[in-house]
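**Student:** Sending over a structure as structure tokens; questions will come in a sec.
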Amino acid sequence: ADDQAARLTIAAEALRAAVERGAPYQAELAAVQSLGVEQVATAPLVPFAATGVPSAAALAHELATLTPDLRRAAEPSSEGSTFLGRLEAHAQHLVRVTPVEAPAGSEPSAVIARIEVDARRGDIAAALTDIAALPDTAKPLAADWVKTAKARDAALAAARQIAASALAALAKPASQ
């Protein structure tokens, strides 16, 4: 029993390390599964086993490429407005001032500015929160990104939980 707990702890720590590095971890996942970790616990890890969990930097870069489309979808169109309104809308596309710190507020321009700041910082959790505050017209554009980011979070949490559980089992005294 002690040998089984030790082997599981080693395999679980190897899995956690590979997941956090973003490296592929098929062998580590197979080892943990063969040592008795339930499929429910490893399910969030399966989608990324062959390619590795995307890094926060990769997700942030992907989000940064999405922000222009999010901005267009979130901000009201200048169609049908006055000449001055259209002129102002076109001028805003020429020069866009983005604050260094994320602005407060729930208007689409403030939400998009916060998403841009989140992307620069690689703050995936904050980006998920800010994307949820987007108008319904823009949310579908980020749906795939949100799905990937949530799956990444679930995979990281699962790997950490498996490692913590294995270490806790190793710490228990052997039953007589």
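The values are calculated or read from the model by the stated rules, or taken from the named source; none is laboratory data. Keep in mind that what you see is a predicted model, and the values were worked out from it rather than measured. Neighbour counts run over all protein chains shown; Cβ positions are idealised from the backbone, glycine included. Surface accessibility is based on the protein's heavy atoms, side chains included, excluding ligands, DNA and RNA. Shrake-Rupley method; radii C 1.70, N 1.55, O 1.52, S 1.80 Å.
**Student:** List every residue pair whose Cβ atoms lie under 7 Å apart, where the two residues are 6 or more positions apart in sequence or sit on different chains, the first residue falls within region 158-174 and is in contact (Cβ under 8 Å) with a residue 24 or more places away in the chain and farther than 14 Å from Gln39 by Cα, and the second residue, located anywhere, is open to solvent by 50 Å² or more (accessible area, probe 1.4 Å) and in a helix (DSSP H, G or I).
**Tutor:** Pairs that qualify, where the first residue is in contact (Cβ under 8 Å) with a residue 24 or more places away in the chain and farther than 14 Å from Gln39 by Cα and the partner is open to solvent by 50 Å² or more (accessible area, probe 1.4 Å) and in a helix (DSSP H, G or I), are Arg160/Arg16; Ala163/Glu13; Ala163/Arg16; Ala174/Asp2.
**Student:** May I pose another question? Only residues in region 30-59 that are touching a residue at least 24 places away in the same chain (Cβ under 8 Å) count as the first member; pair them with residues that are open to solvent by 40 Å² or more (accessible area, probe 1.4 Å) and outside any helix (DSSP H, G or I), Cβ under 7 angstrom, at least 6 apart or cross-chain, and list the lot.
**Tutor:** Partner pairs satisfying both residue conditions: Ala49/Pro24; Ala50/Pro24; Thr51/Pro24; Gly52/Pro24.
**Student:** Looking at Pro99, Pro140, which is the one that is closer than 22 Å to Ala60 by Cβ, at pLDDT below 75 and open to solvent by 40 Å² or more (accessible area, probe 1.4 Å)?
**Tutor:** Pro99
**Student:** Would you point out the residue of region 65-79, among those that are part of a helix (DSSP H, G or I) and open to solvent by 50 Å² or more (accessible area, probe 1.4 Å), that is farthest from Ile124 (Cα to Cα)?
**Tutor:** Checked region 65-79; the qualifying residue farthest from Ile124 (Cα to Cα) is Arg72.
**Student:** In this structure, is Ala12 part of a helix (DSSP H, G or I), open to solvent by less than 30 Å² (accessible area, probe 1.4 Å), in contact with a Phe, Trp or Tyr (Cβ under 6 Å, 6 or more places away or on another chain) and not polar (S, T, N, Q)?
**Tutor:** no
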